[in-house]
Amino acid sequence: MAGVRLFGTMGAEASFREEDFFGREEELSALTRAAADGGRGIGSSFMIYGPPNIGKTSLLLKLAHDLRSSPETGGIPRPFPFYFSFSQILSHPLALSQHFIQEFLWQLLRFLGDGQPSPFDPEGMCDQLSVHGFTGCREILAAHAKYTAAGDGLSALVNALSFPFAAGGELFYPVFLFDDFQYTGKLQGVTDGAMLSILRPYIKSGHYPMFLSGSSPGRVTASLKREGLFGTFQMLEIGGLSQESSLRLWQYLCERRRLEIPASLLPRASKRLGGIPVYQRMLVEEIFFRNARVTDVVGLENLYALSVTEGKLNRYWREFFENTFPERARRGRAIRFLKRVLCDRFPLDTVEGALSLMGASQEEGEAVLSAFEFKGLMKSDLEQLAFIGDPVLADFLFWAFERGVLGKGGSQVAASIVQARLSHVEPESGQDAGHARRVAVVKELMRKWDLREVPLLLLDFGKFREKFGGKGLLEVVIGMEGEQVRVRLPKISSVSTGYRTHRGGPRFDFDLVAYGFLEGDFSEENLVIWAVDVVPEKNLAARAVEHFENRCRLLALEKRLPADRLRKWMLLDETADPAAVDLAAQYGVHLSHPTQVRLFLNLFGLEELEREPEAPRPSFTGAPRGEKPLEYELVLPMKADSEMVAARVAEEVAAFASVDSDTVDRIKMAIIEACINAFEHSASESGKVRLRYLLSPEKIELYVQDDGKGFGAGKTPEESKKNRGWGLKLIRELVDDVEIVTGPDGTVVRMVKFLDAGQPGPARKGEGAPDAPGADG
Ligand SMILES: Nc1ncnc2c1ncn2[C@@H]1O[C@H](COP(=O)(O)OP(=O)(O)O)[C@@H](O)[C@H]1O
Ligand SMILES: [Mg+2]
């Protein structure tokens with residue numbers, strides 16, 4: 001047995017520093033109470049569980065520390081906390097037994113005040129103990145030697161583990177703190193629940209406070225149930241620290257590193273890290289070693305994103321996955337699977353569902369799940385799965401997925417993490433401030449309208465772009481003067497932000513709602529309402545137009561306005577999808593580009609409110625309208641990582657259509673799913689998949705075709721469907737339309753993503769019967 005290992009547990013104890021420990025008051029008081037009951041012969045059992053590095057060991061060591069330093073209460077025996085971790089060792093039961101005995105003797109002697117017992121000399125320690133009046137120690141050692149000689153691991157374990165229960169008496173009573181208990185299920189040549197069987201009589205006796213701790217309650221509780229012990233245990237789940245404790249920990253860590261983080265940012269920082277102390281420690285170290293200064297939210301979010309994409313938080317989880325899944329392909333699967341569950345919140349709570357979502361063989365899938373469980377990322381109870389919600393892990397998985405699967409660069413991922421995080425916050429970022437300013441400008445403008453007539457072109461982006469796209473400002477100004485088609489603007493009586501129909505009623509959130517009158521007199525029949533949205537996104541999507549139109553309709557209904565008395569106006573930030581422009585025209589929604597707004601302001605002498613004029617360059621890309629769709633074809637061998645090539649091509653194709661990044665990702669994921677499905681389930685002889693990408697202005701169509709056996713063949717139809725089921729379910733969530741044609745000659749999966757993203761708008765109607773090529777059913 002290696003000497004170093006002997007110091008494992010003792011090392012853990014020695015390395016615990018009380019001043020480093022924060023919070024957990026409730027847990028400590030429950031456990032302290034239970035430990036105290038042991039003095040009266042009442043034994044309570046706790047099962048403490050939680051993900052790795054959440055602080056289980058720290059909690060046990062803190063408890064041990066508190067118990068040891070609890071005041072003497074004359075005459076009554078004192079609690080002797082015996083801390084033992086099963087993780088250090090030693091999957092061999094003989095080695096474990098030896099270690100267990102030595103550890104117990106050593107800790108007991110320390111407890112009794114015997115300076116420095118020699119951990120490698122069990123006989124010596126026995127002699128020391130007999131000075132304190134403890135006998136029977138030599139017999140235990142002799143029995144251990146005998147079982148060792150016979151190679152009888154199980155008997156050795158029984159012998160060793162029973163030992164502490166016989167100790168105790170007038171002076172003290174043992175309190176058992178058994179850490180990393182899940183490792184007891186991994187002993188060589190000993191069945192899974194053996195350890196609990198050995199402990200069973202002591203637990204059942206109800207005399208010994210017994211706290212088991214570990215990261216996979218599922219396995220342990222299953223053993224507990226088998227032993228009929230489940231009801232005896234109280235379950236104690238360990239999660240993040242309370243907000244208050246977490247704040248104290250920040251303060252402590254910052255002081256030690258002489259860092260200053262504004263106090264106002266700390267609650268946010270705690271939340272970001274889920275109150276998990278080890279993350280707090282790492283982030284502080286990150287700031288310290290980078291010599292960074294964190295002064296505001298953006299700085300904090302950037303630093304966090306940096307850490308989780310390339311710094312300490314990243315390394316922490318990367319190493320975790322590398323150790324847990326040394327084999328690259330399996331690691332990839334595990335990460336991809338977990339990403340879907342934690343980031344995409346794929347609804348999943350059965351082993352069966354998990355296995356098919358993973359798309360691996362049954363055996364591999366089970367191995368992955370079992371590793372998750374062993375490491376505490378997942379717990380299973382009666383076949384019900386639950387995954388941990390750890391915000392840092394989720395961001396790490398997002399990074400790993402984007403990097404590994406979608407091939408994005410680190411800084412790009414970091415930027416999107418920051419973006420995602422910041423978009424949940426109050427107006428603080430530049431974008432929101434810019435938006436508020438633009439709203440204020442438009443409000444000012446509307447107040448000045450006063451029945452004037454202006455060129456309609458100012459409100460019609462489509463026509464304006466047709467006429468002036470690419471022209472200089474001067475040309476535009478001159479051109480506008482000749483504009484014949486004009487529109488009469490109302491006299492505005494009030495402009496407000498948002499609109500509520502009545503107290504407590506629904507609120508229609510427009511950036512502006514203006515009441516105006518088409519003639520000088522403010523009568524009902526002259527009333528006109530302008531609903532205005534100032535688009536915050538650089539690129540207006542059709543989805544946003546649809547959403548705007550819906551709100552307008554509700555408003556018109558509420559106010560019982562005739563259609564022509566509600567004017568709808570959206571102000572672009574930079575540009576708009578072609579589909580959005582079309583949809584706006586169809587709904588009669590006015591659209592104005594910043595250039596048009598500038599001209600508008602100019603007309604009313606308000607131009608100084610706006611920024612520097614610049615040449616109008618309403619930019620448009622995308623597949624030419626009205627032309628035949630662009631078509632791409634690709635034949636891929638069915639082998640690992642081929643699907644990445646498919647995804648890459650999808651990305652390039654999507655780039656032609658200047659599709660937003662979210663849509664691109666969805667398309668990529670869908671095609672990856674479809675490819676994997678074909679690779680794994682088609683049993684194709686040619687071993688090839690044929691892909692077609694069809695790009696038209698309104699949609700992207702993807703065909704994934706294999707010449708395999710189709711869904712029905714080989715296995716039972718149920719089995720076959722089940723296996724493909726999850727992949728297909730995911731695909732359905734990712735794209736707008738999925739169609740499958742399958743038969744003995746193969747399978748074609750057709751996926752459609754409408755470029756106006758998922759709205760049941762007119763673009764989707766008329767998408768009639770499928771024209772799936774190739775194999776038919
Ligand atoms: N209550 C706490 N206060 C401060 N730091 C803690 C606390 N709990 C855990 N930590 C930190 O987290 C690290 C991991 O905790 P640990 O107890 O080893 O987790 P587990 O046993 O659950 O895997 C510790 O080394 C310590 O730095
Ligand atoms: Mg631990």
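The values are calculated or read from the model by the stated rules, or taken from the named source; none is laboratory data. In this text the structure is predicted, and so the values were computed from the model without any measurement. No Cβ is skipped: glycine too gets one built from the backbone with ideal geometry, and neighbour counts run over all protein chains shown. The accessibility values were calculated without ligands, DNA or RNA, using every heavy atom of the protein model including side chains. Shrake-Rupley method; radii C 1.70, N 1.55, O 1.52, S 1.80 Å.
Among residues of segment 37-50 that are polar (S, T, N, Q), those with a Cβ under 7 angstrom from a residue that is assigned to a loop (DSSP other than H, G, I, E, B), sequence gap 6+ or separate chain, pair up as SER44/PRO209.
Matching residues to (1) touching a residue at least 60 places away in the same chain (Cβ under 8 Å); (2) among the hydrophobic types (A, V, I, L, M, F, W, C); (3) under 19 Å from GLN98 (Cβ atoms); (4) out of contact with any helix residue (DSSP H, G or I) (no Cβ under 9 Å at 6 or more places or on another chain):
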position: GLU139; (1), (2), (3), (4): no, no, yes, yes
position: VAL158; (1), (2), (3), (4): no, yes, yes, no
position: GLY168; (1), (2), (3), (4): yes, no, no, yes
position: PHE178; (1), (2), (3), (4): yes, yes, yes, no
position: LYS186; (1), (2), (3), (4): yes, no, yes, no
position: ILE198; (1), (2), (3), (4): no, yes, yes, no
position: GLY206; (1), (2), (3), (4): yes, no, no, no
position: PHE211; (1), (2), (3), (4): yes, yes, no, no
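The strands (runs of 3 or more DSSP E) falling completely within segment 442-532 include none with 1 or more residues that are in contact with a Ser or Thr (Cβ under 9 Å, 6 or more places away or on another chain) and at pLDDT 90 or above. Within segment 100-135, the set of residues being open to solvent by less than 30 Å² (accessible area, probe 1.4 Å) and either in contact with a Gly (Cβ under 8 Å, 6 or more places away or on another chain) or farther than 30 Å from PHE374 by Cβ (or both) comprises LEU105, LEU108, LEU109, PHE111, PRO117, PRO122, GLY124, MET125, CYS126, LEU129. If you check LEU283, LEU338 for being aliphatic (A, V, I, L, M), modelled with pLDDT of 90 or more and within 15 Å of ILE261 (Cα to Cα), only one passes: LEU283. Annotation note: of TYR202, TYR208, TYR252, the sole residue that is more than 16 Å from ligand 2 (Cβ to nearest atom), modelled with pLDDT of 95 or more and open to solvent by 30 Å² or more (accessible area, probe 1.4 Å) is TYR252. Annotation for segment 215-236: at least one member residue is within 16 Å of ligand 1 (Cβ to nearest atom), surrounded by fewer than 22 Cβ atoms within 10 Å (Cβ to Cβ) and at pLDDT 90 or above. The number of residues in segment 362-396 being over 19 Å from GLY214 (Cα atoms) and touching a Gly at 6+ places or on another chain (Cβ under 6 Å) comes to 1. Would a scan of segment 188-197 turn up a residue that is within 16 Å of ligand 1 (Cβ to nearest atom), farther than 27 Å from SER29 by Cα and either part of a helix (DSSP H, G or I) or open to solvent by less than 10 Å² (accessible area, probe 1.4 Å) (or both)? There is no residue in segment 188-197 that is within 16 Å of ligand 1 (Cβ to nearest atom), farther than 27 Å from SER29 by Cα and either part of a helix (DSSP H, G or I) or open to solvent by less than 10 Å² (accessible area, probe 1.4 Å) (or both). Count of segment 654-679 residues, restricted to those that are part of a loop (DSSP other than H, G, I, E, B) and either modelled with pLDDT of 75 or more or not hydroxyl-bearing (Ser, Thr, Tyr) (or both), is 3. Within segment 398-407, does at least one residue satisfy the condition of being touching a helix residue (DSSP H, G or I) at 6+ places or on another chain (Cβ under 7 Å), within 19 Å of ASP662 (Cβ to Cβ), modelled with pLDDT of 85 or more and open to solvent by 20 Å² or more (accessible area, probe 1.4 Å)? Scanning segment 398-407 turns up at least one residue that is touching a helix residue (DSSP H, G or I) at 6+ places or on another chain (Cβ under 7 Å), within 19 Å of ASP662 (Cβ to Cβ), modelled with pLDDT of 85 or more and open to solvent by 20 Å² or more (accessible area, probe 1.4 Å).
Under the condition of being within 16 Å of ligand 1 (Cβ to nearest atom) and either within 29 Å of the chain's Cα centre (by Cα) or not in a strand (DSSP E or B) (or both), the residues counted in segment 28-49 number 8. Within segment 50-70, if we keep just the residues that are within 9 Å of ligand 2 (Cβ to nearest atom) and not in a helix (DSSP H, G or I), the residue that is surrounded by the fewest Cβ atoms within 10 Å (Cβ to Cβ) turns out to be PRO52. Beta carbons closer than 6 Å, at least 6 apart along the sequence or on distinct chains, pair a first residue in segment 682-701 that is within 13 Å of VAL635 (Cβ to Cβ) with a second that is of a type in the set (Phe, Trp, Tyr) and open to solvent by less than 20 Å² (accessible area, probe 1.4 Å) for ARG692/TYR703.
Here is a list: SER686, SER642, SER658. Which entry is open to solvent by less than 70 Å² (accessible area, probe 1.4 Å), under 25 Å from LEU355 (Cα atoms), out of contact with any His (no Cβ under 6 Å at 6 or more places or on another chain) and small (Gly, Ala, Ser)? The unique qualifying residue is SER642.
Candidates are the residues of segment 136-167 that are open to solvent by 30 Å² or more (accessible area, probe 1.4 Å) and part of a loop (DSSP other than H, G, I, E, B); the one that is modelled with the lowest pLDDT is GLY136. Taken across segment 85-93, residues that are assigned to a helix (DSSP H, G or I), open to solvent by 50 Å² or more (accessible area, probe 1.4 Å) and either without any contact (Cβ under 8 Å) to a residue 60 or more places away in the chain or closer than 28 Å to ALA194 by Cα (or both) do not occur at all. When the criteria are applied in full, THR32 fails the requirement of being hydroxyl-bearing (Ser, Thr, Tyr) and at pLDDT below 90.
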